[in-house]
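Take a look at the structure set out below.
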Amino acid sequence: MTILIVLLSLAVGAYLIAVLESWAVHGRLQPARPAISALALLGRESLLARTPDRLLFETGPVLLLVAGLLAVAVIPLAPGLIITDMATGALFLNAALAYVLVALIMAGWGPNGAYGMIGGWRFLGQFVAYAMLIVMPITAVVLRAESLSTVDIVTSQSSLWNIAYQPLGFALFVAAAMGLCWLPPLDLPTAPGDLAGGVEAEYTGVRFAVLRLARMVIILALAGATVTFYLGGWLGPWLPDWAWSGIKILIVAGLMVSAGRLVPRVRETRYLELSWKLGIPLALGNIFLVGVIVLVVPI
Amino acid sequence: MIGARQGTMTMLQRLVAAAMSRDIRGFVVPGADVARAAGLDLGGAGLHLSATPRHANVLVIIAPLPAGLADAASVAYGQMPRPRAILALGSGDLGPLPDADATGPLTQAGLVTAMEDLRWVIATGSFRSDVDDYEAPTLQTRTEYTCPMHPEVVQDEPGNCPKCGMTLVLRKAAVSSHAGHAMPEKERDMPVETRVETTSAGHDHANDKGNKHGGAHDHGHAKHAVSEPLVQYTCPMHSEVISAEPGSCPKCGMFLVPADTKSEHAGHDARHGHTKHAADESPARYTCPMHPEVVQDEPGNCPKCGMTLVPVEEAVENSGHDHGAASQGHDNGSKSSHQGSHASHGNDVVIEGIEAHFMSMTDLTRDMPASEDGLKMEWIGVPFGPFFPGLPSGLRLDLTLDGDAVAGTSADSAVGLSELLHEDTTTPAAFVDQLAALSPLSPVAYSLLACLALEQAAEQSVPSSVARARIAAAERERLTSHFGWLAGFGTQAGFTWLEKRATALQLKLRVAPVIEIAALAPKITALLTRIQRTPLLKARLKGIGRLAGDDALPGPVARAGGIARDARSDDPIYTELGFTVLTATDGDALARLTQRCGEIFQSLELILKVGAIAMPEPHGIGTASGTGEAVVETPRGAARLSLTLHNGKVTAANIETPTAAHVDLIATVADGRELGDALTGIGSLDMSPWEVTA
Amino acid sequence: MTSQMIFLVFFGGAAVWFGVTVFRTHSMVRSALALLFSQTAVGLMFLVMQAEFLGVLQIMMMATEMSVMAIFMVMFMMDPGGMGAMDMTHQKRLSLWAGGVGLGAAMAVIWLADWGPPGGNLPETAEQTAELGRELLGRSMFIFQSVGLTILTAMVSATMVAIAPAKEQPK
């Protein structure tokens, strides 16, 4: 039952985000657009590239979808409305999202095209740039909650949301999350201007539809994680718990999706430089700072 | 229209077809920049542009399709998933492509009508069963027979060579002259779901997997292979492997290289060259290519590593030798050669039980070329263009990538006129049109150039007011062209907001009268101010594509580097209007952006100062004779035209455009840079591949 | 208990099968990914055995580590896609022996060691994690800190060695 509700809300959320993304790209708000595009994709043929690594080509999009769904499994929408409240939820989220990398490498390598391959390996090259900035801010969040369980993390914020408690961690986490779901301006693995679609370039028809759906799920999972870790999850006055989760997740996902149209894509070297030289020290500093606050000021 | 599925339309199919007709994704040939310059608002007509033909269902062709792009366009069409359609705007020959499904004149209204037709075609025809398959002719192969001794003997039927009587051997050849891109035969009748699709040439997609192996060297070999059927292929490691076809070695998988010795029959007489020597001197002895200490009299496998033993002399030959010799041959679109790595085993200290240099990175990468960062790895050749979304359309760019850094470039223009004068005697009006057609991105500047040269040849001069109004037209075009560049930069950098705004302004300003331009001035100012303040923009452009000031730089690129070179400064009318040359200092992509923004302001001022716009038309040429020469600063740099007029007809003309200088700059801007930076640098040149004549 | 055994055997089998695949394929990328999924299967075995933290950690770390290995293989090996069916094995005899001896040793340890009676009630996952933390930051802290520093030093020096000195770099 819980699974059904979560999956249903996931579908609704994915649709709304798709509407927003098409607005960000095409500049017009068309509520029917994602449905039309999806139907049209199903109607187009699903091509195989010349001499592909068929196994990796087929597995990539599916693994991406599975990784996204597993990540969603530990996001609490309301007390009790969570697929599995693991004691290691925060770590599990990381583990599931690590397979986004694996899936993109497969999808990039599989079709046997240079653009996809470069896109896939590019994503791996950025690995430390985003992964460390996901893990380290989570460490600081977990430090405060004294638990890896996502439900405990939400309840730990009942007096003060983490966005106010550790704003630095929030900023780093959101930036890294955008890198992890390759949203502009960090869309380096697909980069239409550099790689003509990169990882996505050789996928058509149904396979492409799966790839796009998986991407939406991952965006929602990361928006859900942001809300859980920093925006107090379901906490909020007046409205029911699930409504608060839904509103917050949609706002975060919406901002993530639409921010990229206002700035040029970040250069890969610059992205790596910022993450390694600035992001990681800041994230370590954030852990230290939160540790001190946890010990000194009980909030 | 090429349908995808068999059978009649069911309810579901009708629904899907309706969805497809409302989800038109276009791949524009030659490119979005040309569409914008022609005044087409593709987005406004409901056409979403896609970056790759894989994601498109409509090939939008802005006719006439230049001859140099016909093959590439047909490949792009072949790459599109079915159902797919062709929308042709303007008139002209579509070359090897099937007939267009919807056509219209090259105007916005024509586009909108054609889009409606197209929607109807897709909604009704998506699931038609009576469709023909389409193969890009350049990718087709044909079977022919040739004599191993006389490569000039080629015929369609098997038989004997008329010269020497040898039996002709079979080979596959590309139908077109694209020697390096010969493709294996396509399977036509596969089910749709698994249809093997052709990629390469035109758009992109180097096929490389097995041959993700270095090196831009030596592209000659693939071509060699096609033109000279006598060549046999052998493995650089296993000389006993001889094959008539390129491919990979059945023993070690390395790519076979053309053997230099030509044996009489393919497949016969495996031993050749120096191997024979060994056989003459002594009974053959065999050794392991990896373990020189293993020597035995019998062929077999190495007791240490299991590799097949090779005759002794070859092993000597092999060790300490660079096998890199170019293992081209495998002509499937990707250009790569493998730099050998099993080098110099002979003189190493051998520790019993441990292979010398086992898994040694130094050894593995010894003979690989190193890029600027000093790291050695496999290089791949990747074609970009001529329809690449982040590059000027019509530019064919081949990059050798070392990881994702650019290790080598080769660029040329796939478009341009075959000749400046169609016939020896061209009327002045036709000549002006001809020159305007030379550059779809800046026709006015070239018309002006033609008019000035013609008038000088005829010793005519136009009234000052006309001259000024012409200048205003040229400046309007400069402004529009710079907005076009900004839109292109927006596309390349994923800066959607800029792309939309700049496109909108470009389309509005393209044919706007002075009064409208004046009304748009605040908008222009606002956009340019906002661009300068964009976060991450500096980080994206600073230091990219820096060019040192020297004489070869054209137009805005030179001025962005601090060189005050501008053909306009010699023009008395410009001086009268208070024109001064605007320069920036850094000479990088950011400076070029700033420079173009500055020039937009400057052009705006000039237009408002003149207050009238008139398109250049040749004035009072009559039946004059003489020679004329003129220089006009086009939006991309100075263009110089000299012509001879004889009895009112143009009999000879010669033009210099900034394009050649731009093409020469590409290597400087791209080499050694990360792929994204290299493309940004190339984009920042704002080159036009069109303004060339063969 | 039974379902636990079934899953354990299943994931164990998967780990072995992927492990064999590593050597059965010609493609470097497939090989690296097979190793990845073999390690993932080991992580799932941890999960089945209710060692949640270790399992999740294993699943997470191996995904990224094996991917990094894959890119190195692609960068430097000939024929990374396995299209040429190139034989990439070396020292077959030695490795067969080493593998055989290793297998024998592992078997010997498994069968000969005195494992003691089965553990009683497992602590809660959260408690397990806390205990692991106490162990790592208590008794074993010195070992882990020194190992960590050693690895860091090794990484830095490896990078230093890999970068050609400025004077040798091609201009």
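The values are calculated or read from the model by the stated rules, or taken from the named source; none is laboratory data. In this text, all values refer to a predicted model and were calculated from it rather than measured experimentally. As a convention, Cβ positions derive from the backbone with ideal geometry for all residues, glycine included, and neighbour counts pool all protein chains shown.
Things to note:
- Screening segment B:482-498 for residues that are touching a residue at least 12 places away in the same chain (Cβ under 8 Å) and touching an Asp or Glu at 6+ places or on another chain (Cβ under 7 Å) and picking the one that is nearest to the other protein chains (Cβ to nearest Cβ) gives B:THR491.
- Residues that are of a type in the set (S, T, N, Q), out of contact with any His (no Cβ under 9 Å at 6 or more places or on another chain), more than 23 Å from B:ALA35 (Cβ to Cβ) and modelled with pLDDT under 90 do occur in segment B:458-467.
- Members of segment B:379-396 that are part of a strand (DSSP E or B) and surrounded by 24 or more Cβ atoms within 10 Å (Cβ to Cβ): B:TRP379, B:ILE380, B:GLY381, B:VAL382, B:PRO383, B:PHE384, B:LEU395
The rows are residues; the columns are (1) of a type in the set (Ser, Thr, Tyr); (2) part of a loop (DSSP other than H, G, I, E, B).
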position: B:LEU12; (1), (2): no, no
position: B:ALA18; (1), (2): no, no
position: B:ASP41; (1), (2): no, yes
position: B:TYR77; (1), (2): yes, no
position: B:ALA85; (1), (2): no, no
position: B:GLY92; (1), (2): no, yes
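- One residue from A:LEU186, A:LEU250, A:LEU239 being in a loop (DSSP other than H, G, I, E, B) and within 30 Å of A:ALA283 (Cβ to Cβ): A:LEU186
- Annotation for segment C:65-73: no member residue is more than 9 Å from every other protein chain (Cβ to nearest Cβ) and touching a Gly at 6+ places or on another chain (Cβ under 8 Å).
Condition check ((1) surrounded by fewer than 20 Cβ atoms within 10 Å (Cβ to Cβ); (2) at pLDDT below 85) across all residues:
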position: B:THR8; (1), (2): yes, yes
position: B:PHE27; (1), (2): no, no
position: B:VAL34; (1), (2): no, no
position: B:GLY39; (1), (2): yes, no
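- Residue in segment A:99-111 that is surrounded by the most Cβ atoms within 10 Å (Cβ to Cβ), counting only those that are closer than 13 Å to A:ALA131 by Cβ and at the interface with chain C (Cβ under 7 Å from one of its Cβ atoms): A:VAL102
- Test: residue in segment B:593-609 that is more than 27 Å from B:ARG533 (Cα to Cα) and part of a helix (DSSP H, G or I): yes
- Look at (1) closer than 29 Å to B:ALA678 by Cα; (2) crowded, with 19+ Cβ neighbours inside 10 Å; (3) within 14 Å of another protein chain (Cβ to nearest Cβ) and you find that A:ALA209 fails only one, number (1).
- Candidates B:ALA519, B:ALA548, B:ALA526: the one that is away from chain A (no Cβ under 14 Å), surrounded by fewer than 16 Cβ atoms within 10 Å (Cβ to Cβ) and not in a helix (DSSP H, G or I) is B:ALA548.
- All conditions but one from (1) crowded, with 21+ Cβ neighbours inside 10 Å; (2) in contact with a Gly (Cβ under 6 Å, 6 or more places away or on another chain); (3) of a type in the set (A, V, I, L, M) apply to B:VAL514; the one that does not is (1).
- Out of B:GLY676, B:GLY622, B:GLY611, sole residue that is under 20 Å from B:ALA469 (Cβ atoms) and not hydroxyl-bearing (Ser, Thr, Tyr): B:GLY611
- Number of the condition not met by B:VAL58 [criteria: (1) within 14 Å of another protein chain (Cβ to nearest Cβ); (2) within 21 Å of B:ALA437 (Cβ to Cβ)]: (2)
- If the condition is being touching a residue at least 60 places away in the same chain (Cβ under 8 Å) and among the acidic types (Asp, Glu), then segment B:430-459 contributes B:GLU455, B:GLU459.
- Flag if A:ALA96 is more than 14 Å from chain B (Cβ to nearest Cβ), at pLDDT 85 or above and in a helix (DSSP H, G or I): yes
- For segment A:115-128, a residue qualifies if it is away from chain B (no Cβ under 14 Å) and touching a residue at least 40 places away in the same chain (Cβ under 8 Å), and exactly one does: A:VAL128.
- Check on B:LEU97, of a type in the set (A, V, I, L, M), part of a loop (DSSP other than H, G, I, E, B) and more than 10 Å from chain A (Cβ to nearest Cβ): yes
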